[in-house]
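Novice: Please see the structure below; I have some questions.
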Amino acid sequence: MTKLEQIEKSVAELNKQEFEAFSTWFEALQAERWDRQMEKDAVSGKLDHLAEKAFADFHAGNTRRL
């Protein structure tokens, strides 16, 4: 049995309260990893083209108020 299969089996066996606690923890972990990846991408310049496009659209009048 692979590590992933063991995790899946364990998660499937959690009771309602345990599953809710696991879900809360897992969602926080995913958010933390996403935040770290976004920070890394921003620092590396990977997102610069998106900012440039947004500024270009704004200056060209291709935006609207939210």
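Novice: Within the range 3-24, does at least one residue satisfy the condition of being outside any helix (DSSP H, G or I), of a type in the set (Ser, Thr, Tyr) and open to solvent by less than 100 Å² (accessible area, probe 1.4 Å)?
Specialist: So far as the range 3-24 goes, no, none of its residues is outside any helix (DSSP H, G or I), of a type in the set (Ser, Thr, Tyr) and open to solvent by less than 100 Å² (accessible area, probe 1.4 Å).
Novice: Among the residues of the range 31-46, count how many are in a loop (DSSP other than H, G, I, E, B) and either modelled with pLDDT under 95 or open to solvent by 100 Å² or more (accessible area, probe 1.4 Å) (or both). Let's see the steps before the verdict.
Specialist: Within the range 31-46, the subset in a loop (DSSP other than H, G, I, E, B) is 45-46.
This time we only want the ones that are either modelled with pLDDT under 95 or open to solvent by 100 Å² or more (accessible area, probe 1.4 Å) (or both), so: 46.
Number of matching residues: 1.
The values are calculated or read from the model by the stated rules, or taken from the named source; none is laboratory data. Fair warning: this is a prediction, and the values are worked out from it, not measured in the lab. For accessibility, only protein heavy atoms count, side chains too; no ligands or nucleic acids. Shrake-Rupley method; radii C 1.70, N 1.55, O 1.52, S 1.80 Å.
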